[in-house]
Amino acid sequence: ASVKYKNFWTDYSKCGGGYRYCWAGYDQVVSDPWGLGYAHECVHYVADWLTQHGYSVPNMAGAGNANQWINYGTLVSSPQRGDVVYMPLDWPGHVAIVEDVNSDGTVHVSQMNWPIGGYYSEMDLYITPGVQFIRFP
């Protein structure tokens, strides 16, 4: 499956989106409550964002691949702010946060580590086959 997007933006910052592990280096091992361990990865950014916004993120005991996140939340068909979006980008995929649902049917997402390792970015994502939305309580 392919991922289509528009309005990609980054300032090549390692600290965008309120990420609390800015001080850490890319893939630096960090202690976190989710059992993910590696800073500046997409899954680490998403877990941090969800936690800061009051969502319940379990300890994933090392399930640090995006394609494993489907096991920890509920799949939904209508995205809303705060949902995790899974994108089937090669193995092991990629996750981002739905920041907003746009009137044109795209979703505005924030993310870490795509397409440039360890950096924060935003884009408007088209909902194409393979893109899935995961909701956490």
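The values are calculated or read from the model by the stated rules, or taken from the named source; none is laboratory data. All of these numbers come straight from a predicted model, not from anything done at the bench. Note: ideal-geometry Cβ built from the backbone for every residue, glycine included; neighbour counts use all protein chains shown. Calculation scope for accessible area: heavy atoms of the full protein, side chains included, ligands and nucleic acids excluded. Shrake-Rupley method; radii C 1.70, N 1.55, O 1.52, S 1.80 Å.
Couple of notes before you dig in:
- Over all other residues within a Cβ to Cβ distance under 15 Å of Asp100, the charged ones net out to -3, with Lys and Arg as +1 and Asp and Glu as -1.
- Counting all C-alpha pairs of segment 6-57, share separated by more than 17 Å (%): 34 percent
- For Asp104 and His53, a Förster radius of 22 Å and the Cβ-Cβ distance give a FRET efficiency of 0.35, rounded to the nearest 0.05.
- Rolling a 1.4 Å probe over the protein heavy atoms gives the chain an accessible area of 47 Å² per residue.
- Cα Rg, Dmax (largest Cα-Cα span) when computed across the chain, Å: 13.5, 40
- Estimated from helical segments only, the mean residue ellipticity of the chain at 222 nm is -2500 deg cm²/dmol, where each DSSP H run of four or more residues counts as -39500 (n - 2.57).
- Cβ-defined net charge surrounding Gly25, 13 Å radius [Lys, Arg +1; Asp, Glu -1]: -1
- Of the peptides 67-73, 95-101, 44-50, the order by per-residue mean of other Cβ atoms within 10 Å, starting with the highest, comes out as 44-50, 95-101, 67-73.
- Share of carbon and sulfur in the accessible heavy-atom surface of the chain [1.4 Å probe, %]: 50 percent
- Label-point separation in nm, Asn71 to Thr10, each point 7 Å along Cα→Cβ: 2.8 nm
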